[in-house]
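Peer 1: Got a structure for you, questions after.
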Amino acid sequence: VSRLFASAALLALLGAGVAPSLAEEPASAPVADDVWDAHDGEGRWVLLRTAPDRFTGPLGSRWVPYLVRRGEWDLLEWVVLATANSQAIEALEKAGRPTWVRAAVWALGSRESHALDSAALRLKTHAPLVRAWFARHAKTQAQLPPPARTFAEHLAAEGGAVDEAGAAALAAPYNPVVLLAALLPPREVVPFGDRLRAQPGVTYLHQVERALDMLGESGFVGSPWLDHLGALLAHPVPAVRRAAALACVPRRGDIPAEALLARLESPAESADVRSAALLGLSLSPDPAVRARILVIGSDPLHPAFTAAVSRLADVDDGFAIMLWNDLDASAAGPTVQAFLQAERRRLSARIAAQKGDSLGQRIPDMLALAAHVEMTAHPLEGRLLPWTLHTIGAALAAPEVRAALETLAADPPPEERATPSEAARAERVRLHARALLAKPPAPTRAR
Amino acid sequence: MTRSGLLGASVVAFSIAASAAALAHAGAGEAQGARGEAEPREPRVLHHLASDFVEDEPGARVLAALEARVLHFGGRTWLRLDASPIGPRVVAPPGYRGVAGSNRRTAEEIAAALADGRLEVRVRGPRGTARGHAFAGDLSEVLERRLLPDGRVEHVTASFEAPCRDVRFEVDLGGEGTHDVEVLLDGRVRIRATVRLAGGRARIERLESLGAHDGDAS
């Protein structure tokens, strides 16, 4: 949160993060008025959702002015909630909409730093108003997403003027249970298709996806949201399961891992849902999950092979390069083979550009993975363990690497809580770290 | 890939990556003497330095890459600074569509800043202050991940309304001495480079972004 405030201060200094003026009417509307008029609110949302670039970038500068011109304030609010779009926040504020503060506060939970910083700046610019708004709704503050609560605490701690009259005219915070009700859909969920208007009593796929997008921008973590995601992953409609799995990607470790693994490992599951589940798991810090993705990434005939390869090229520490050097993917066809080669090059380039500080940050996860395969007699043990120890050992001259190892080599604090398997793995990591530190550093780093 | 880059959009600072690896990667960009040699037919790279543009927080993500070169041709010496949303250290935006090595949001910010004329570059040296130019550089192909109905993942070039490009800054350095080059966004300094020209040689001594409290232009 201190970063939020620092960022807001810097943005204020820089004058950055504020979207181009909305007064500039776009050269062309993103949709014909008669087409727009033929749709109801849900239909218009689907038009927005299916626009080539959705809400961001140059197209965003066309859609947001169009929504302003058409007075589509509810849609603009949805755009903020589902995308944290800074232009939409600005539009609501400039139009004096009573919803602008609650929408901007929601955007504080965005994982996209550009959006988050811009929202923070806009709120800080109206600190007396926002401070009063938080105070006015203190009783329901527990319903706010965690980043918003923390922001409110810092704003209150700063002290200063309050605009109570202005805050009284603003809309109340969202009730997330109501706002995100589509995270608990009925068993029947259908695509909106090319219809113009929603039918009463019908739940559409885009409504679930919108709620997932809103959850992603909120900053809500843990229960009950993980339970909702887990339930969506077991929904009878594959498109719902796929959407839920993909929504897990930016949540890193805050995911329903067991439900995702169930989808990934089910032979009866559709291939795209299995791949979506792998993507959803791909930032998990769990060594068992990471080892499983490496195995799938070395099996060209697995339905999620390209998903694994794609994400390993994003996040792997370099071991996959060795796996892929020996891998014959010809059985999967020339397209997959070419994809594998391209991803091997991309991963190689990323690892080659890595610096000592990057490796230092990765060492805890690298050693945890190595310890996992070692302790579970994993099929990768014979290659991954020596590769890990060699890679780290070759970088011992880097101060960041030694610092990371020294932290891992230290005795655990007595109050540390861990399951027996976690404790055993931590002990194995500790032994490896101590052994590595006992080695003389190589004169130059070789990776 | 030889490009590195700048500009993100959020609030950020620049962590400099003038690593030995980057310099080695630059290859021909190392300093070279110019005296006594016939003028080549194209600009000669006197020095090269690569850098990251990162979020202003510990463990920050690299949002873009920067590459600075001191060039010499026809008796003129200038600094060229390329900023790109593409680079092996650039992280993707959150979400499953993002592919490491390119950042769509950075690309959009660069495009918007260029289109709106919000970027400028200037140099302060022994001969005073002068302005340079900011313009569109190479075309960039920002990749995005797509999950096909058959379960395959493929990477496709993100579509933009306008071509997505790097941004390039160029500014004349004039004569020998120390030259401080500043890139400004919306009138505020976002990148600072210090170039030293002496004895026909050049060295980029510093290439950095500004911290959270030192971005005031003066």
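Peer 1: Taking the range A:29-53 as the region of interest, how many residues are without any contact (Cβ under 8 Å) to a residue 12 or more places away in the chain and β-branched (Val, Ile, Thr)?
Peer 2: 1
Peer 1: Same structure again: Go through the range A:399-423 and give me each residue that's within 31 Å of the chain's Cα centre (by Cα), among the hydrophobic types (A, V, I, L, M, F, W, C) and closer than 20 Å to residue A:362 by Cα.
Peer 2: Those that are within 31 Å of the chain's Cα centre (by Cα), among the hydrophobic types (A, V, I, L, M, F, W, C) and closer than 20 Å to residue A:362 by Cα: A:401, A:403, A:404, A:405, A:408, A:423.
Peer 1: I've got another one for you. Can you tell me which of A:273, A:237 is within 14 Å of another protein chain (Cβ to nearest Cβ), over 25 Å from residue A:80 (Cα atoms) and among the β-branched types (Val, Ile, Thr)?
Peer 2: Just a single option satisfies the conditions, and that option is A:273.
Peer 1: Also, I was wondering about something else. Let me confirm something: among A:275, A:298, A:282, which residue is within 30 Å of residue B:52 (Cα to Cα) and not basic (Lys, Arg)?
Peer 2: A:282
Peer 1: What's the number of the condition residue A:202 fails, among (1) under 25 Å from residue A:308 (Cα atoms); (2) in a loop (DSSP other than H, G, I, E, B)?
Peer 2: (1)
Peer 1: Could we say that residue A:108 is hydrophobic (A, V, I, L, M, F, W, C), surrounded by fewer than 23 Cβ atoms within 10 Å (Cβ to Cβ) and touching a helix residue (DSSP H, G or I) at 6+ places or on another chain (Cβ under 7 Å) here?
Peer 2: No.
Peer 1: Could you list, in sequence order, the residues of the range A:274-305 that are part of a helix (DSSP H, G or I) and polar (S, T, N, Q)?
Peer 2: A:275
Peer 1: So how many residues does the range A:84-101 have that are under 24 Å from residue B:61 (Cβ atoms) and within 14 Å of chain B (Cβ to nearest Cβ)?
Peer 2: Residues meeting the conditions: 4.
Peer 1: Any idea which of (1) touching a residue at least 60 places away in the same chain (Cβ under 8 Å); (2) surrounded by 24 or more Cβ atoms within 10 Å (Cβ to Cβ) is the one residue A:79 doesn't satisfy?
Peer 2: Failing condition for residue A:79: (1).
Peer 1: Taking residue A:383, is it buried (at least 19 other Cβ atoms within 10 Å of the Cβ) and in a helix (DSSP H, G or I)?
Peer 2: no
Peer 1: Ok, one more. Yes or no: the range A:100-118 includes at least one residue that is polar (S, T, N, Q) and more than 22 Å from residue A:180 (Cα to Cα). Step through it out loud before you land on a result.
Peer 2: The first filter runs over the range A:100-118 and keeps only residues polar (S, T, N, Q), leaving A:110, A:113, A:118.
Checking which are more than 22 Å from residue A:180 (Cα to Cα) leaves us with A:113, A:118.
Yes, the range A:100-118 contains at least one residue that is polar (S, T, N, Q) and more than 22 Å from residue A:180 (Cα to Cα).
Peer 1: Only one of these is away from chain B (no Cβ under 13 Å) and surrounded by fewer than 21 Cβ atoms within 10 Å (Cβ to Cβ): A:377, A:371, A:398, A:338. Name it.
Peer 2: Going through A:377, A:371, A:398, A:338 in turn, the sole match is A:377.
Peer 1: I need the full set of residues from the range B:40-81 which are under 14 Å from residue B:209 (Cα atoms) and under 9 Å from the mean Cα position of the chain (by Cα), in order please.
Peer 2: B:50, B:51, B:52, B:53, B:64, B:65, B:66, B:67, B:68, B:81, listed by residue number.
Peer 1: Sticking with this structure for a sec: Search the range B:138-149 for residues that are surrounded by fewer than 20 Cβ atoms within 10 Å (Cβ to Cβ) and pair each with any residue that is hydroxyl-bearing (Ser, Thr, Tyr) when their beta-carbon atoms are under 7 Å apart and the residues are at least 6 apart or on different chains.
Peer 2: Every condition considered, the pairs that remain are B:141/B:157.
Peer 1: On the given criteria, is residue A:10 within 23 Å of residue A:121 (Cα to Cα), more than 28 Å from the chain's Cα centre (by Cα) and either modelled with pLDDT under 90 or within 14 Å of another protein chain (Cβ to nearest Cβ) (or both)? Outline the logic, then answer.
Peer 2: Values: within 23 Å of residue A:121 (Cα to Cα): yes; more than 28 Å from the chain's Cα centre (by Cα): no; either modelled with pLDDT under 90 or within 14 Å of another protein chain (Cβ to nearest Cβ) (or both): yes.
Spelling it out, it is not the case that residue A:10 is within 23 Å of residue A:121 (Cα to Cα), more than 28 Å from the chain's Cα centre (by Cα) and either modelled with pLDDT under 90 or within 14 Å of another protein chain (Cβ to nearest Cβ) (or both).
Peer 1: Given the conditions (1) crowded, with 23+ Cβ neighbours inside 10 Å; (2) hydroxyl-bearing (Ser, Thr, Tyr); (3) modelled with pLDDT under 95, which single one is not true for residue A:223?
Peer 2: In the conditions (1) crowded, with 23+ Cβ neighbours inside 10 Å; (2) hydroxyl-bearing (Ser, Thr, Tyr); (3) modelled with pLDDT under 95, residue A:223 misses (1) alone.
Peer 1: Continuing with this model, one more query. Being closer than 22 Å to residue B:92 by Cα and within 8 Å of chain A (Cβ to nearest Cβ) is the filter here, so list the residues in the range B:159-190 that pass it.
Peer 2: Going through the range B:159-190, the residues closer than 22 Å to residue B:92 by Cα turn out to be B:159-168, B:190.
Those that are closer than 22 Å to residue B:92 by Cα and within 8 Å of chain A (Cβ to nearest Cβ): B:159, B:160, B:161, B:162, B:190.
Peer 1: Is it the case that the range A:280-290 has a residue that's in contact with a helix residue (DSSP H, G or I) (Cβ under 9 Å, 6 or more places away or on another chain), within 13 Å of chain B (Cβ to nearest Cβ) and more than 24 Å from residue A:387 (Cα to Cα)?
Peer 2: Checking the range A:280-290: at least one residue is in contact with a helix residue (DSSP H, G or I) (Cβ under 9 Å, 6 or more places away or on another chain), within 13 Å of chain B (Cβ to nearest Cβ) and more than 24 Å from residue A:387 (Cα to Cα).
Peer 1: Going by the conditions given, is residue B:130 more than 14 Å from chain A (Cβ to nearest Cβ), farther than 22 Å from residue A:306 by Cα and surrounded by 21 or more Cβ atoms within 10 Å (Cβ to Cβ)?
Peer 2: no
Peer 1: Just give me the residues in the range B:100-142 being closer than 20 Å to residue B:78 by Cβ and of a type in the set (A, V, I, L, M, F, W, C), in sequence order.
Peer 2: Listed by number, the residues that qualify are B:114, B:119, B:121, B:123, B:130, B:134, B:135, B:136.
Peer 1: In the range B:66-120, which residue that is among the β-branched types (Val, Ile, Thr) and part of a helix (DSSP H, G or I) is nearest to the other protein chains (Cβ to nearest Cβ)?
Peer 2: Kept after step one, since they are among the β-branched types (Val, Ile, Thr), are these residues of the range B:66-120: B:70, B:77, B:86, B:90-91, B:99, B:106, B:110.
With part of a helix (DSSP H, G or I) added as a condition, the list becomes B:106, B:110.
On the way: B:106: 9, B:110: 11 Å.
Filtering the range B:66-120 for residues that are among the β-branched types (Val, Ile, Thr) and part of a helix (DSSP H, G or I), the one nearest to the other protein chains (Cβ to nearest Cβ) comes out as B:106.
Results for (1) aromatic (Phe, Trp, Tyr); (2) within 24 Å of the chain's Cα centre (by Cα); (3) more than 16 Å from residue A:171 (Cβ to Cβ); (4) more than 11 Å from chain B (Cβ to nearest Cβ), shown as yes or no for each residue.
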{"residue": "A:103", "(1), (2), (3), (4)": "no, yes, no, yes"}
{"residue": "A:111", "(1), (2), (3), (4)": "no, yes, yes, no"}
{"residue": "A:115", "(1), (2), (3), (4)": "no, yes, yes, no"}
{"residue": "A:118", "(1), (2), (3), (4)": "no, yes, yes, no"}
{"residue": "A:124", "(1), (2), (3), (4)": "no, no, yes, yes"}
{"residue": "A:129", "(1), (2), (3), (4)": "no, no, no, yes"}
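Peer 1: Here are the criteria: (1) under 16 Å from residue A:275 (Cα atoms); (2) touching a Lys or Arg at 6+ places or on another chain (Cβ under 6 Å). Tell me which single one residue A:339 does not satisfy.
Peer 2: (2)
Peer 1: Could you check the range B:141-157 and list, in sequence order, the residues that are in a loop (DSSP other than H, G, I, E, B) and facing chain A (nearest Cβ under 8 Å)?
Peer 2: Within the range B:141-157, B:148, B:149, B:150, B:151, B:152 qualify.
Peer 1: Quickly run through the range A:154-186 and pick out the residues that are on the phi < 0 side of the Ramachandran plot, touching a Pro at 6+ places or on another chain (Cβ under 9 Å) and outside any helix (DSSP H, G or I).
Peer 2: Listed by number, the residues that qualify are A:161, A:162, A:163, A:169, A:170, A:171.
Peer 1: Further question: Checking residue A:257 against (1) over 18 Å from the mean Cα position of the chain (by Cα); (2) under 15 Å from residue A:290 (Cα atoms); (3) without any contact (Cβ under 8 Å) to a residue 40 or more places away in the chain; (4) crowded, with 18+ Cβ neighbours inside 10 Å: exactly one of these is not met. Which one?
Peer 2: For residue A:257, the failing item is (1).
Peer 1: Go through (1) more than 30 Å from residue A:433 (Cα to Cα); (2) over 22 Å from the mean Cα position of the chain (by Cα); (3) within 13 Å of chain B (Cβ to nearest Cβ) one by one and return the number of the condition residue A:331 breaks.
Peer 2: If we test residue A:331 against (1) more than 30 Å from residue A:433 (Cα to Cα); (2) over 22 Å from the mean Cα position of the chain (by Cα); (3) within 13 Å of chain B (Cβ to nearest Cβ), just (3) comes out false.
Peer 1: Please find, within the range A:341-368, the residue that is surrounded by the fewest Cβ atoms within 10 Å (Cβ to Cβ) out of those that are of a type in the set (Gly, Ala, Ser) and within 30 Å of residue A:421 (Cβ to Cβ). Before you say what the answer is, go through the steps one by one.
Peer 2: First, the residues of the range A:341-368 that are of a type in the set (Gly, Ala, Ser): A:342, A:348-349, A:352-353, A:356, A:358, A:360, A:368.
From what is left, the residues that are within 30 Å of residue A:421 (Cβ to Cβ) are A:358, A:360, A:368.
On the way: A:358: 17, A:360: 20, A:368: 21.
Restricting to residues being of a type in the set (Gly, Ala, Ser) and within 30 Å of residue A:421 (Cβ to Cβ), the top hit is A:358.
The values are calculated or read from the model by the stated rules, or taken from the named source; none is laboratory data. The structure displayed is predicted, hence computed values, not measured ones. Note that we place each Cβ from the backbone using ideal geometry, even for glycine, and neighbour counts take in every protein chain shown.
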